1. Select from segment 33-43 the residues that are within 11 Å of the chain's Cα centre (by Cα) and of a type outside the set (S, T, N, Q) and write down the one among them that is surrounded by the fewest Cβ atoms within 10 Å (Cβ to Cβ).
2. For segment 53-76, give me the residue count where each residue is closer than 16 Å to T20 by Cα, modelled with pLDDT under 90 and not hydrophobic (A, V, I, L, M, F, W, C).
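The values are calculated or read from the model by the stated rules, or taken from the named source; none is laboratory data. Since we're looking at a predicted model, the values are computed, not measured. As a convention, Cβ positions derive from the backbone with ideal geometry for all residues, glycine included, and neighbour counts pool all protein chains shown.
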Amino acid sequence: MHLFTSLTLLSFLLFYRFHTINMENKAFKTRVKPFIGGIQLLNLVGFEKSVTTNEEGETEKKLLLNTDKLFFSFSSWILDL
């Protein structure tokens, strides 16, 4: 189980597609947002909230991966095994 989790976390670093989560996305609203601690868990592994304005003047809420924070969380988790 630990190996699977480790490989899953490392896949986030390999695929840039997983470095950004759109908080306005339907999947995010139904699979993460309604659960207690869902956003906090993403914060713990390195995601940080970002609010930007696009070219049309609309605000976009996203979670962006801070890879330094992810490395720290991952290394702390490995050392606790």
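1. If we take residues in segment 33-43 being within 11 Å of the chain's Cα centre (by Cα) and of a type outside the set (S, T, N, Q), then L41 is surrounded by the fewest Cβ atoms within 10 Å (Cβ to Cβ).
2. Step one: list which residues in segment 53-76 are closer than 16 Å to T20 by Cα, which gives 53-54, 59-70.
Subsequent filtering for residues that are modelled with pLDDT under 90 retains 54, 65-70.
If we keep only those that are not hydrophobic (A, V, I, L, M, F, W, C) too, we end up with 54, 66-69.
Matching residues across segment 53-76 total 5.
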